[in-house]
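Q: Quick one: the structure is below, questions incoming.
Only the coordinates and a few stated rules stand behind these numbers; no lab work does. Computed from a predicted model, the values in this text were never measured in an experiment. Counting neighbours? That spans all protein chains shown, and the Cβs are built from the backbone with ideal geometry, glycine included.
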Amino acid sequence: MSSEIDGILKNLATIPGVTGWMVLKMNGLPYKTSLREAESVHYAGLVSEFVKKAKTTLENSLLPGAISQIRVRSHKNEIIIVPDNDFILVAIQDAAIPA
C-alpha cells in the first residue's frame, strides 16, 4: 500500500464522527485497521461475508453491476463499506454526528 493511501487513511481518522476504519483483503482478513485486533477480526468476517452476499444478490437480480458503496445505519453507528477488486474499505462513524 502506498504512502498516499496511508495518508488518506490518517485523514479519514481525523474526520469528525469517524470512530474507526479497516482495510480488508477480499478473503476477509484485516490488512490495516485502527480497531483492536479482536474487533477487527470479528467485523472483518461479518463485512466480507456481507459484501459477498450483496454482490451475489445483485448478480442474480435485475440490476447487475458492481457495488460502489454500501451504507448501513443504526441509531448509534453508520458503517460505510467500499469494496474494490482487491480490498474492502470500511469506515465506522457515530450516527449522532452530522457528516
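Q: Treat the count of other C-beta atoms within 10 Å as a stand-in for reagent exposure and order Thr33, Thr57, Thr14, Thr19 from fewest to most. Before the final figure, lay out each step's value.
A: Working: Thr33 19, Thr57 11, Thr14 7, Thr19 14.
Ascending Cβ contact count within 10 Å gives the list Thr14, Thr57, Thr19, Thr33.
Q: Once both axes come from the Cα atoms, what is the angle between helix 3-14 and the longest principal axis of the chain, in degrees from 0 to 90, rounded to 10?
A: 70 degrees
Q: What's the exposure ranking of His42, His75, going from fewest to most Cβ atoms within 10 Å?
A: Numbers: His42 13, His75 6.
Final ranking by Cβ density, sparse to dense: His75, His42.
Q: So I have [x] 13, 34, 25, 16, 9, 3; [y] 15, 41, 31, 12, 1; [z] 15, 46, 32, 7, and one of them is P(r) over Cα pairs in 10 Å bins from 0, in percent calculated from this model. Which one is it?
A: For P(r) over Cα pairs in 10 Å bins from 0, in percent, the calculated option is [z].
Q: Which value at 222 nm does the chain reach when only helices count, each DSSP H run of 4 or more adding -39,500 (n - 2.57), with the total divided by all residues and rounded to the nearest 500 deg cm²/dmol? Could you put the intermediate results ahead of the total?
A: Numbers: 2 runs with 35 residues, N = 99.
After summing the helix terms and dividing by residue count, I get -12000 deg cm²/dmol.
Q: Let me have the relative contact order for the chain, percent, based on Cα pairs under 8 Å that are six or more residues apart. Spell out each step's value before the answer.
A: Working: 143 pairs, mean separation 29.5, N = 99.
For the chain, the relative contact order is 30 percent.
Q: Can you work out ³J(HN,Hα) from phi for every residue in segment 22-36, in order, using Karplus 6.51 cos²θ - 1.76 cosθ + 1.60 and θ = phi - 60°, giving whole Hz and x for Gly and Pro?
A: 9, 10, 10, 6, 5, 7, x, 7, x, 9, 9, 7, 9, 8, 5
Q: Still on this model: Treating the beta-carbon of each Lys and Arg as +1 and of each Asp and Glu as -1, no other charges, what is the dipole magnitude of the chain about its Cα centre, to the nearest 20 debye?
A: On the way: 10 positive and 10 negative charges, 43 e Å.
Rounded to the nearest 20 debye, it is 200 debye.
Q: With θ set to phi - 60° and the Karplus curve 6.51 cos²θ - 1.76 cosθ + 1.60, what are the ³J(HN,Hα) couplings of segment 82-98 in order, to the nearest whole Hz, using x for Gly and Pro?
A: 3J(HN,Hα) across segment 82-98, in whole Hz: 10, x, 10, 5, 10, 9, 10, 9, 10, 10, 10, 10, 6, 5, 7, 9, x.
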